[in-house]
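So the structure is just underneath, and the comments pick up after that.
The values are calculated or read from the model by the stated rules, or taken from the named source; none is laboratory data. All figures in this text were calculated on a predicted structure; none of them were measured in a lab. No Cβ is skipped: glycine too gets one built from the backbone with ideal geometry, and neighbour counts run over all protein chains shown. When the accessible area is computed, the model is the full protein with side chains, heavy atoms only, and any ligands, DNA or RNA have been set aside. Shrake-Rupley method; radii C 1.70, N 1.55, O 1.52, S 1.80 Å.
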Amino acid sequence: SIRTLATPGCPGCHTGCHIHTYMLSLVAARRPAPPLAPCPAVCSALRDAPRVLHLDRRIAAPNVVRLPMPAAALDAARAAFDGAIRPHLERNLIEDLEAQPVPCSQLRSAYGNFFVMRGGSSTDESKRHSSDLAWISVDDMPTWEAFRKIFDLSGVADAVRPLVDCDEGIRLYSSFYVVRSRCASANLHVDWGDGVGTNAFTLLAPLEDYSGVDDFQLLYEASAAREAVAGGVGGGDGGLAQYRYRLGEAIVFGSHFYHSTEPGASAGGAAAPHVYLCFTFGSDRASFFEEHIAPTISGYQSRLLVAADGSVRLTELGRHLEAEAARGH
C-alpha cells in the first residue's frame, strides 16, 4: 500500500507538498539538512522502512521527486563529456562495441578517465537490441573526485538527507552518463529492490534541452489514473505517464518507481544521442548497503564504485575484466 505524509495542518492529501517544499528550500539556501525532517509526524513516518512515500505533487508515483540542477553543475558535467566522450560517439563508439565479446571500452583523456558499457535494454535480454543505451562511468579516483565536486554543487545530498537513514551523511556510490539515441520498445523496471525504500536514489538530469522531441522521454507507472497534467508531467494509457526531461531539472527516485525510456529517437541519431548526468547515492550504513544496495550497483553498469564505508571496490564486471587481463585475454 502507498503511505502518505501528513503533518499538523496538512490533510494528508498525498501530494507530499511539505517534504517537497522543505527539500527545495534546502537546495535554494544551500543549508545542511538536519538528521530528520523537522516535524514529529514526518519523523515517525520516515523511520518506517521500507519507505513508500509520495514526495512530488506533480508525479503520481512513489519515492520520486524533481529537484533543480544548478547550471554550474551541468556546465562542469557537459565540459567533461564534450572533451572526453563526445568525439568518440561521433565516430560510432557505441555501435562498434557490439562487435566485442563484452561490449565495453575504456576512454582516457585530459578531461578524465571513463568506462563505457553498452547496456541495450539492460534488464530484459530479449529487448537487448531494441535500444542503444550505454553507461559511461567514471573509471578512476581522480575522475570520481571531480564528479564528487559536481555532485556537491548540485545540492541534492542536502535535499534528500531527511529521507535517508545515515550515520554521518549521504554517500555517493557512482557517477556516470546515460547515453542513448533510440529505443524501440518500453521496458518497465525499478532500479532498486523494495527493501531500499528511500535509502538509495538514482538521479537523472539532461545535459541539453531535448524538449524538441515529443517522445523519447521517460515513462513511469502512475499510482492512480490521472488526467493529463500541464507543465511537463502527463497522464497516459494503462496507468503509464510521461515525464518530460527539462534542462536544469533532475528527477531523483528510490525503490518502487517503475519506469522506462519512452520509445523514440534523438533528432541527431547515434552521433548526437541524448545524454543524462547520472548519480547513485544514499545511506552510509555498511550492513544496509551490502544487503540492499550493492546487489543493484555491483554488477556491470561500471567497472568500479565506492561503497557505503568509503572503500573503493571493483564491480562483478570489473573483477571479470581483471581476471581476463591476468590470463592474457
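So here's what we get for this one:
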quantity	calculated
Filtered residues of the stretch 112-130 (kept if over 18 Å from the mean Cα position of the chain (by Cα) and either modelled with pLDDT of 90 or more or not basic (Lys, Arg) (or both))	GLY112, ASN113, ASP124, GLU125, SER126, HIS129, SER130
Test: ASP309 is of a type outside the set (Gly, Ala, Ser), surrounded by 18 or more Cβ atoms within 10 Å (Cβ to Cβ) and closer than 20 Å to LEU172 by Cβ	no
Residue list for the stretch 54-86, filter: in contact (Cβ under 8 Å) with a residue 12 or more places away in the chain, part of a helix (DSSP H, G or I) and either farther than 23 Å from SER302 by Cβ or within 18 Å of the chain's Cα centre (by Cα) (or both)	ALA71, ALA72, ALA73, LEU74, ALA76, ALA77, ARG78, PHE81
Close pairs (9 angstrom Cβ cut-off, 6 or more residues apart or separate chains): within 22 Å of ARG313 (Cβ to Cβ) in the stretch 128-148, in a strand (DSSP E or B) and open to solvent by 40 Å² or more (accessible area, probe 1.4 Å) anywhere	ASP139/GLN106; ASP139/ARG108; MET141/VAL312; TRP144/VAL312
Residue match in the stretch 150-164 (condition: aromatic (Phe, Trp, Tyr), open to solvent by 10 Å² or more (accessible area, probe 1.4 Å) and either under 29 Å from GLY282 (Cα atoms) or at pLDDT 95 or above (or both))	no
Conditions (1) at pLDDT 85 or above; (2) open to solvent by 10 Å² or more (accessible area, probe 1.4 Å); (3) not in a loop (DSSP other than H, G, I, E, B); number of the one not met by LEU89	(2)
